[in-house]
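K.L.:
The structure's right below; bear with me while I get my questions together.
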Amino acid sequence: MYASGSESLIKQAREIQEEELQKFYGRVYKQLHSGKEAGGEVIDSLQRLHLIVSATKYARLLPPDLVKKLQMLLRSPSCLEQLQVLSSAILRESLPLSLNNLSTELSQDSRALSYLASVVLTQAGSKDDLLPVCQYLLKCLESRQPETQVPRHTLPILSKMYSFSPDILTEDQVNLVSRKLADWLRYASIHQGASMSSGGFFTSPRTRQPALMTEVDGAVAGDFFTVLCVGQSYTEDQWMNMYTFSMIKIWLLTYDTDGSSNTESAQLKTEQVIHTSPPQQDDRSELDSSVMSMVSATSSSSRMLPPKERLREKAFECCHRLIEQSDRKALKKADAELQKACIVESVSIMDIICSVDPSYVYRGFPCIKALYGRLSADLAFARVLLPIAQFYLNHSETAAVESEAVFCHLFSRFPSELFNEPMLAYEFVQFCLHNVSVLQEKVAMYRHSFPNLLKFLAWNSPGLISEFMELLPSLLASETAIELLHTLLDLPCLAAALDLQHRSAWYQVADRALWDQQGSKITASLDAFRQPSYRGLFLYILRPEAGTGDTIDRLSMLHNALEGMAESPRVLRCAQIVPVLLHVYFNTIAQMADGKMMNQLLSVLLERSSLLYKIKNFSTEVQRVFSTHLQALCKLHPTLIVDQYKELLEFTSTTTNIYTKEDFYTHVVWVIGEYLSLSYDPRCTVELITSFFEGLEAVLFEITQVRQSASPPSYTPRLLTVLMTALAKLASRSQDLIPRASLFLSKMRSFAHSGRVASCFNEEDSEEIITRSHELINLLKLPNVAQFVLTPSAQGDCPRWHRDTNAALPQRMRAISGLLQSHSSFLPA
């Protein structure tokens, strides 16, 4: 949201009239054309022009003379940088202009070239628009002018261009850039840049030899230059080294992932590794006795490799050197963070190189294995271990290296102890998404780690919901599917338990005053978290992996202990995402579950519909999801009704379920009436139908009492119509029950007209109840017709011979009812 003043300015910019706008264009042009030194007035005008062109989603067309003037500012090396920034921003927001004009007479000034390139990249619609600037940048790379700084800005611009259009470079140009990158990456000077002297009486006329670069721990850098070398100033080739390292990963992914290395080059590199003769020094390298033997062995012979393969070799050496440097203890915190970033980038680059050329795997794994052994115990390097795990995942099989311990450590410790680190949570989940098929196939612990992975979601629910919707199906396995459902339903409890664990670590028992400041409810939950009697409950809800049991017996006790956290914002946000994940869960389980699992699922639905964490609207939303998928599950497996008849009969015979979970209860009654039929299950006996009929009849009788002492109905008419329809369906399948059903349905008119009902239901609702009962009574007068209408064969499902909508019979049934009413003389006695 903008401040009121900003909104006013934006509104003015959007509503400016065309006549006033043209006058303003002319005034800006005159100010730029006057040739006077740029002052505050010119800058203010350009700032206002930028606001005007960027305030709407439609690009504005600037006058050609003004466009040319802005382009001149971009090209001018002597122009103020603030004017170039504004000119670049204005041209980016205006209508697409002639990029051919903009790309001619490109400036030699690095700053001007950068701002001009940003306009070209924004306005470019195809590869042809980028070609002039691209060709100019490649010429800059070929030039051998150490005094110019154009190449320093060439690489970032070139990187943007081939990201936009990878085919913009020809094979020869790719080889050219690869050669330059390899040289900058490996052969940058080890000496610091020449520092500028401040002058003075005692200034020596002799120029001193530049000092050597230092490591992050202060020691003199003995090997070749890398990003982790520290100095007071840097030479041009050192800057190019840093730019090269920052873009080498995307370069390799773009132009070196086709597996172009041939057998001869792979054999040559293998011979280089095992070669035992003294290495020949490269004429450009300044290595001393501390140079790694592997790097020395390959430094001269790598000149014989093609450009792409030589770049791989130099990039691999650089990454190996950076990993060695990361073992040094940095003197500054910023350098320590830079070490972590360099490890992540280096391991990722080595991973790419090993994927392109497997011969590097045997050279890289000892380094990666040692790095993991050094960092695995330190949680401060948690994010660094993710690319290491990626390397193990991709190449451990090739190198015949055991990787199970790496992933056990990854999936067990990180989510448990670092669930409150949002960046780690995001990167960890992205790692799982990126490798989901490989993790399912090769990492046995992956599917059992969902109690830990869901801790990331419980703590960071708004930012990770879309990722977990995509990840959840991969966590489903037949042996843990039921436990996963319980875990999803308990996700708000997990969020509350994590919150209490986090608070408990900060507030000691002695700091009672700090506890009391959090409120009495939260304090009570904190006390419960620390009590031994609740320890088992919290240990289960915070368990690191699946397999200890589907759920616990004392869930209501846990809910009472967490009652004080029910209004926590984190818990409320977590409760909102549970229905979304349940939809994903049921849609996935429907495709893989067998009859046994379906029976277990139905039992869980019936049990957990009343065992949910007491959060506002949470039970209602979850029961709505249960209702939706109960119908889908029973449609796929109609035999569930007979398999679970005891549980279903007990559930539907309990009147209190109507008042606490009416929607779910209504759907349970509907599926009983729909699928308790011989056409769906040959085990459906008359005795079973009679048992369900008597149970539903007793419930309907209890809730439709018209005694004066009876309380007014607190349910919807929809429940009554579904119950009546279910009774009629069951009676049509056991004709001995038809008289009882007809007698009961005939009493619904007096119920609907009673005073208590009239005070709760409107006239339309009462009429709907009466109409439904009358339709069903007339239908039951013809048992064969009733069975045809209310119990169609399973083969008649597509297309439907009729459609029961839970609320009213369709128009076809109404037509039959009207026919029976009009010709009652034809009815049998």
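The values are calculated or read from the model by the stated rules, or taken from the named source; none is laboratory data. What you see is a predicted model; the values in this text were computed from it and never measured. We place every Cβ from the backbone using ideal geometry, glycine too, and count neighbours over all the protein chains shown. Keep in mind that these areas ignore ligands, DNA and RNA; they rest on the heavy atoms of the full protein, side chains included. Shrake-Rupley method; radii C 1.70, N 1.55, O 1.52, S 1.80 Å.
K.L.:
Can you name the residue in the range 729-749 that is under 15 Å from E702 (Cα atoms) and open to solvent by 10 Å² or more (accessible area, probe 1.4 Å) and is also farthest from the chain's Cα centre (by Cα) among such residues?
P.N.:
Ranking the candidates gives K747 first.
K.L.:
Something else: Just checking, how many residues over the range 453-504 are open to solvent by 30 Å² or more (accessible area, probe 1.4 Å), under 23 Å from S619 (Cα atoms) and in contact (Cβ under 8 Å) with a residue 24 or more places away in the chain?
P.N.:
So the count comes out to 3.
K.L.:
Which condition from (1) open to solvent by less than 50 Å² (accessible area, probe 1.4 Å); (2) closer than 21 Å to L476 by Cα is the one that Q600 breaks?
P.N.:
If we test Q600 against (1) open to solvent by less than 50 Å² (accessible area, probe 1.4 Å); (2) closer than 21 Å to L476 by Cα, just (1) comes out false.
K.L.:
Name every residue in the range 39-61 that is closer than 22 Å to L113 by Cα and buried (at least 17 other Cβ atoms within 10 Å of the Cβ), in order of residue number. It would help to see each step written out before you state the result.
P.N.:
Within the range 39-61, the first condition is being closer than 22 Å to L113 by Cα, and the residues that meet it are 43, 46-47, 50.
Matches in the range 39-61: L46, H50.
K.L.:
Which numbered condition trips up P638, out of (1) under 42 Å from the mean Cα position of the chain (by Cα); (2) part of a loop (DSSP other than H, G, I, E, B); (3) more than 25 Å from N599 (Cβ to Cβ)?
P.N.:
(3)
K.L.:
Still on this structure, please answer the following. Please specify each residue of the range 582-595 satisfying the condition of being surrounded by 19 or more Cβ atoms within 10 Å (Cβ to Cβ) and of a type outside the set (F, W, Y). Steps first, please.
P.N.:
So in the range 582-595, the residues surrounded by 19 or more Cβ atoms within 10 Å (Cβ to Cβ) come out as 582, 585-586, 589, 593.
Passing the criteria: L582, I589, A593.
Listed here are the residues, each with its yes/no results for (1) open to solvent by less than 20 Å² (accessible area, probe 1.4 Å); (2) in a helix (DSSP H, G or I); (3) farther than 20 Å from D327 by Cβ.
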| site | (1), (2), (3) |
| --- | --- |
| V361 | yes, yes, yes |
| I368 | yes, yes, no |
| L371 | yes, yes, no |
| A377 | no, no, no |
| A389 | yes, yes, no |
| C408 | no, yes, yes |
| S412 | no, yes, yes |
| E427 | no, yes, yes |
| Q430 | no, yes, yes |
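K.L.:
Kindly indicate which of P151, P146 is open to solvent by less than 70 Å² (accessible area, probe 1.4 Å), at pLDDT below 70 and either over 22 Å from T244 (Cβ atoms) or not polar (S, T, N, Q) (or both).
P.N.:
Going through P151, P146 in turn, the sole match is P151.
K.L.:
With of a type in the set (S, T, N, Q), part of a helix (DSSP H, G or I) and under 24 Å from L720 (Cβ atoms) as the only criterion, which of S603, S619, S610 stands out?
P.N.:
Numbers: S603 fails: under 24 Å from L720 (Cβ atoms); S610 fails: part of a helix (DSSP H, G or I).
Among S603, S619, S610, only S619 is of a type in the set (S, T, N, Q), part of a helix (DSSP H, G or I) and under 24 Å from L720 (Cβ atoms).
K.L.:
Something else now. Among the residues of the range 616-637, write down those that are within 17 Å of S679 (Cα to Cα) and either without any contact (Cβ under 8 Å) to a residue 24 or more places away in the chain or surrounded by fewer than 20 Cβ atoms within 10 Å (Cβ to Cβ) (or both).
P.N.:
Answer for the range 616-637, where residues must be within 17 Å of S679 (Cα to Cα) and either without any contact (Cβ under 8 Å) to a residue 24 or more places away in the chain or surrounded by fewer than 20 Cβ atoms within 10 Å (Cβ to Cβ) (or both): K635, L636.
K.L.:
Write out, first by first residue and then by second, each pair whose Cβ atoms fall under 8 Å of each other, whose residues are 6+ apart or on separate chains, and whose first residue, in the range 541-566, is at negative phi and of a type in the set (G, A, S) while the second is open to solvent by 60 Å² or more (accessible area, probe 1.4 Å) and at pLDDT 90 or above.
P.N.:
Between residues of the range 541-566 that are at negative phi and of a type in the set (G, A, S) and residues that are open to solvent by 60 Å² or more (accessible area, probe 1.4 Å) and at pLDDT 90 or above, the close pairs are A546/R447; A566/K614.
K.L.:
Among the residues that make up the range 443-461, is at least one of them farther than 22 Å from G547 by Cβ and part of a helix (DSSP H, G or I)?
P.N.:
Scanning the range 443-461, I find at least one residue that is farther than 22 Å from G547 by Cβ and part of a helix (DSSP H, G or I), so the answer is yes.
K.L.:
In addition: Evaluate the following for P96: is it open to solvent by 20 Å² or more (accessible area, probe 1.4 Å), modelled with pLDDT under 75, within 30 Å of E313 (Cβ to Cβ) and not in a helix (DSSP H, G or I)?
P.N.:
For P96, the condition - open to solvent by 20 Å² or more (accessible area, probe 1.4 Å), modelled with pLDDT under 75, within 30 Å of E313 (Cβ to Cβ) and not in a helix (DSSP H, G or I) - is not met.
K.L.:
Of all residues being modelled with pLDDT under 80 and over 19 Å from E702 (Cβ atoms) in the range 756-767, which is least open to solvent (accessible area, probe 1.4 Å)? Just the residue, please.
P.N.:
If we take residues in the range 756-767 being modelled with pLDDT under 80 and over 19 Å from E702 (Cβ atoms), then A758 is least open to solvent (accessible area, probe 1.4 Å).
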